[in-house]
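Contents: one structure, followed by commentary.
The values are calculated or read from the model by the stated rules, or taken from the named source; none is laboratory data. Only a predicted model underlies this, so the values are computations on that prediction, with no experimental measurement involved. As a convention, Cβ positions derive from the backbone with ideal geometry for all residues, glycine included, and neighbour counts pool all protein chains shown.
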Amino acid sequence: MMTTADQTEIDNFAALSDQWWDQRGPMAPLHAFTPIRVDYILQAIGRFFPINAGGQPSKQSATRPSLAGLRILDIGCGGGLLAEPMARLGANVTGIDVTAPAIHAAKAHAQTMQLDIDYRVITAEDLAATGAKFDVIYASEVIEHVADRPLFITAIAEMLNPDGVVIVTTINRSLPALLFAKIALEYIVRLVPAGTHDPRKFVKPAELRAEFAAAGILLDDMTGFAPRPGGGFMPVGSLAVNYAASGGFR
């Protein structure tokens, strides 16, 4: 049976599941990466839905929009680093992951934060088979870990509403990405455990665009991310290492 789940990847992340919310632990790079990911997701949503995204003032908040009424799917949600900000903005959030300990950590943290998020241990294709539909689907730092990328993208297309938006953040399959995201992070500065990334699964932007186009989705926006001096990340024109893409049905 075809599946997007990769047991090696599941085992790697299961070993880290009690450290999802430790900002000084192995998830520190993801915590540092979260603000720019949230900003991009909101900007992408704002291209499809009238929410005053991207930190612009709205009736609901002086700094953030309201996502009330939107059904959002977080694929590969892990401990909930992105699901929680979306829920705080009023969205109806479903978070899925194939790593049960990660979902356990996500549920525990959401309960502590008094957030109502529907977390499930399930693959994207199995959720798609239930007929679930969403306005917004994002897979952030996930697609480079799945076993079957075409099946994964097909599942996303099946679950996306006709006027919905899909957002992906991932790593380019390039020499700079190999040096930074694999060798430097895992073996030199050791910010993430060795073996976290398989560079063979990194995705070139042209490949990602073509594979989504085959499923009927046009990724019409791509933005690069780079470390910001002093900490965090900033948007850049280069897609050489980390990048985000978003779009909807053509």
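Candidates in segment 186-230 are the residues that are β-branched (Val, Ile, Thr) and loosely packed, with under 15 Cβ neighbours inside 10 Å; of these, the one that is modelled with the highest pLDDT is 188. Checking the structure you have, find out if any residue of segment 227-250 is free of Cβ contacts under 8 Å to residues at least 40 places away in the same chain and of a type in the set (S, T, N, Q). Yes, some residue in segment 227-250 is free of Cβ contacts under 8 Å to residues at least 40 places away in the same chain and of a type in the set (S, T, N, Q). Checking each residue in segment 115-130 for being in a helix (DSSP H, G or I), small (Gly, Ala, Ser) and over 16 Å from the mean Cα position of the chain (by Cα) picks out only 128.
Residues are listed down the side, and each one gets a yes or a no for (1) outside any loop (DSSP other than H, G, I, E, B); (2) under 18 Å from the mean Cα position of the chain (by Cα); (3) modelled with pLDDT under 80; (4) not charged (D, E, K, R):
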residue: 10; (1), (2), (3), (4): yes, yes, yes, yes
residue: 25; (1), (2), (3), (4): no, no, no, yes
residue: 33; (1), (2), (3), (4): yes, yes, no, yes
residue: 38; (1), (2), (3), (4): yes, yes, no, yes
residue: 42; (1), (2), (3), (4): yes, yes, no, yes
residue: 54; (1), (2), (3), (4): no, yes, yes, yes
residue: 59; (1), (2), (3), (4): no, no, yes, no
residue: 64; (1), (2), (3), (4): no, no, yes, no
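When segment 131-154 is filtered for residues that are farther than 22 Å from residue 198 by Cβ and outside any strand (DSSP E or B), the ones remaining, listed by number, are 131, 132, 133.
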